[in-house]
Amino acid sequence: MKKIIFSATFALAITASFSLAQVSADRQATITPDAVLTKLMKGNARFAVNSPSIQSVPTRREISAKGQFPKAVILSCLDSRVPVEQVFDVGIGDVFVGRVAGNIEDNDQLGSMEFATKLAGAKLVMVLGHTACGAVAGSVDNARLGHLTGILKKIRPAVNVVKKNSPDIKPVGSNGEFVDKVAEENVRCTVKNIRHQSPILAELEKSGQIKIVGGMYDLKSGRVTLVK
Ligand SMILES: [Zn+2]
């Protein structure tokens, strides 16, 4: 019952009479998950060479106010140096962005992703980690601070995997090489956890309606690399 109410409310919200918004709705419905990924990666390539091409903010604001048809949902770290829309050269209304220190999933993020895909039509789920992540470094060092402690604990499985697989790399938060390896592994873990913890997202992916991928953003180069 709840789901029906949600769907109806959402349908009302997205049924826009504005013609450009309708075009966007069609585009969202027909674009494939792979095509969305390609668009994002091309946008990132433009960003990395300082050649963005997005429409002006006032134009986008006017169009998107009539309805939203984002094609991807991106779970990013909180880090101020990862401006997600800029990183992929997308504008207002193009992507949903969920942010939490360490880009880890929790029930709220999963619910948001289920909304973004199942109800709002996004075709791609991307978990975006980044180099020199302070949350990851804190987890490596077992840092403790209020509510942050619980977040950092969720990154520990990735710390343990890298410790095991790379015994020659010093496992401390001040070691950038180790921290970046953990950040990448943490993206892998989060993608796996999303599939495991959300039957809705897993089913959407299995049926080919969405794709769930991981990426690593390099703070220095501006490049996103897909995590295999
Ligand atoms: Zn971070």
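The values are calculated or read from the model by the stated rules, or taken from the named source; none is laboratory data. Model, not experiment: these values are computed from the prediction. Because the Cβ atoms are built from the backbone with ideal geometry, glycine has one as well, and the counts that use them run over all protein chains shown.
General remarks:
- Filter result for residue 125 (in contact with a Lys or Arg (Cβ under 8 Å, 6 or more places away or on another chain), closer than 21 Å to residue 98 by Cα and buried (at least 18 other Cβ atoms within 10 Å of the Cβ)): yes
- In summary, residue 109 fulfils each of the numbered conditions (1) of a type outside the set (Gly, Ala, Ser); (2) closer than 17 Å to residue 40 by Cα; (3) more than 12 Å from the ligand (Cβ to nearest atom) with the single exception of condition (2).
- Single condition residue 69 does not satisfy, out of (1) more than 16 Å from the ligand (Cβ to nearest atom); (2) surrounded by fewer than 21 Cβ atoms within 10 Å (Cβ to Cβ); (3) part of a loop (DSSP other than H, G, I, E, B): (2)
- Odd one out for residue 93 among (1) outside any helix (DSSP H, G or I); (2) closer than 25 Å to residue 197 by Cβ; (3) touching a residue at least 60 places away in the same chain (Cβ under 8 Å): (2)
Table: residues versus (1) acidic (Asp, Glu); (2) farther than 21 Å from residue 118 by Cα.
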{"site": "33", "(1), (2)": "no, no"}
{"site": "43", "(1), (2)": "no, yes"}
{"site": "48", "(1), (2)": "no, yes"}
{"site": "53", "(1), (2)": "no, yes"}
{"site": "56", "(1), (2)": "no, yes"}
{"site": "62", "(1), (2)": "yes, yes"}
{"site": "70", "(1), (2)": "no, no"}
{"site": "73", "(1), (2)": "no, no"}
{"site": "80", "(1), (2)": "no, yes"}
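- Residue 83 away from the ligand (no atom under 12 Å from the Cβ) and over 30 Å from residue 153 (Cβ atoms): no
- Within the stretch 72-90, the set of residues being in a loop (DSSP other than H, G, I, E, B), under 12 Å from the mean Cα position of the chain (by Cα) and hydrophobic (A, V, I, L, M, F, W, C) comprises 77, 78, 82, 88.
- Test: residue 102 is within 15 Å of the ligand (Cβ to nearest atom) and either more than 23 Å from the chain's Cα centre (by Cα) or in contact (Cβ under 8 Å) with a residue 40 or more places away in the chain (or both): yes
For every residue, the table says whether it meets (1) surrounded by 23 or more Cβ atoms within 10 Å (Cβ to Cβ); (2) within 14 Å of the ligand (Cβ to nearest atom).
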| residue | (1), (2) |
| --- | --- |
| 76 | no, yes |
| 79 | no, yes |
| 113 | yes, no |
| 129 | yes, yes |
| 132 | no, yes |
| 136 | yes, yes |
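- Any hit, the stretch 98-105, residues being within 30 Å of residue 151 (Cβ to Cβ), at pLDDT 85 or above and not in a loop (DSSP other than H, G, I, E, B): yes
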